[in-house]
Amino acid sequence: MNAFSEILVCPLCGESLSEEGCVWRCGRGHSYDAARTGYVNLLPPGKGRNARTGDEREMVAARASFLRKGFYDPVDREAALWLASEGAGGADPFFLLDMGAGEGTHTCRVAGLLADALGTRVTALGFDASKHAAESGCRYARSLGYFPKDGGDSKVRAAVFAGNLFRLPVRDSSAHAALSFFAPIAWEEAGRILRPGRLFLAASAGREHLIEMRRILYDEVRLTDFLPSPPPEAGFSLIGRKTVSFEAELGSREDIGNLFAMTPFYHRTPEAGRERLSALGSLTVKVETVLSLFRFRGDGPGPEPVSVG
Ligand SMILES: C[S@@+](CC[C@H](N)C(=O)[O-])C[C@H]1O[C@@H](n2cnc3c(N)ncnc32)[C@H](O)[C@@H]1O
Ligand SMILES: [Zn+2]
């Protein structure tokens, strides 16, 4: 059986999905074509399917190129070790969901590190509203041997599909852990897909994240951070927060440009700031990421019934 068919459901009717050749089908005859990379578009049909919520193609390419060089590896390592040490184990395979996975580098790296730490198989599924990001994630997972065309014996299975994180095409209470790295957080949906007692890990920018870059881009820099916190009725308890802080040495214009293009500053920097940054050939920046770990108690409002029709 395909590693993902145990967890995926049809975004239209909520029935199980299974793979037949290059097509995923549900029992009611809805079908979704898989691309050569294995990528599938599971965005709910109609409004939203073509919405421009996803990152643009160039931002996806910049993010992939930057992250796959390993610049944020300390964040992935801490995330995987923390999940493993807080009792994420006991399941084989272990299902990890990444909500707003982007181009899947964190999804794949955390999955690989978690499989090593737990000594079990890990099946990781990322979802992103951006088709380009999801396709890139499938290509990356394939290049690592995590998403083989047929069979294969990797302990890690991973893919990124196009999907809406507020309405994931995933079975209720199926995930052993969920990630949200620098993405919008859908607390209620996280509670629907997580098994009770399981973990939700959010990564967000700390106060001094990329401070050197911000000082170059803007005349005035305000130090603020955003700490994710669930509404009380969502059924999550905070286990703790950890700050992962380190220096990244960007040795080329390309690395600087790629980091800039994957930040929110990319869309809101005045020309003068852009010019100052593009004049630099190297830059050392502080990466400050806050990891917030929550346990899903399972006493929230519970999943809404899946509408059929
Ligand atoms: C800042 S990026 C982070 C991507 C990735 N987690 C990372 O850390 O590299 C935020 C991502 O959230 C995705 N996103 C925003 N709204 C979404 C939604 N409703 N459903 C799925 N993905 C969404 C965007 O397409 C984007 O790729
Ligand atoms: Zn269906």
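The values are calculated or read from the model by the stated rules, or taken from the named source; none is laboratory data. Keep in mind that what you see is a predicted model, and the values were worked out from it rather than measured. Every residue, glycine as well, gets a Cβ built from its backbone with ideal geometry; the counts of neighbours run over all protein chains shown. Ligands, DNA and RNA are excluded from the accessible area calculation, which covers all protein heavy atoms including side chains. Shrake-Rupley method; radii C 1.70, N 1.55, O 1.52, S 1.80 Å.
Data overview
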quantity	calculated
Cα shape, the stretch 51-106, gyration tensor, a/c 1.5 rule	oblate
Accessible surface of the chain, 1.4 Å probe, proportion on carbon and sulfur as whole %	48
Cα-based shape type of the stretch 93-218, given that a ≥ b ≥ c are square roots of the gyration tensor eigenvalues and the cut on a/c is 1.5	prolate
Dimensionless Rg/Rh of the chain - Kirkwood Rh, Rg from C-alpha atoms	0.97
Cα shape, the stretch 208-309, gyration tensor, a/c 1.5 rule	prolate
The stretch 125-162: trypsin sites (Lys or Arg not before Pro) in DSSP loop, at most 16 other beta carbons within 10 Å	Lys149
Kirkwood Rh and Cα Rg combined as Rg/Rh, the stretch 92-145	0.98
Pairs of lysines in the chain (C-alpha under 25 Å apart; 8 or more residues apart or interchain)	7
Kirkwood-Stokes translational diffusion coefficient of the stretch 25-132, alpha-carbon pairs, 37 °C, 0.692 mPa s, µm²/s	210
Loop trypsin sites (Lys or Arg not before Pro), the stretch 220-301 (other Cβ atoms within 10 Å of the site Cβ: 11 or fewer; DSSP)	Arg222, Arg268
Relative contact order computed over the stretch 17-296 (Cα-Cα under 8 Å; 6+ residues apart), in percent	19
Among 82-93, 98-109, 196-207, the order from most to least packed when residues are scored by Cβ within 10 Å on average	98-109, 196-207, 82-93
Relative contact order, percent, the stretch 171-295 [alpha-carbon distance under 8 Å, six or more residues apart]	37
For the stretch 1-137, share of DSSP beta bridges that run antiparallel, in % to the nearest 5	60
Residue-averaged [θ]222 nm for the chain, counting only DSSP H segments that reach four residues, each worth -39500 (n - 2.57)	-8000 deg cm²/dmol
Relative contact order computed over the stretch 151-194 (Cα-Cα under 8 Å; 6+ residues apart), in percent	44
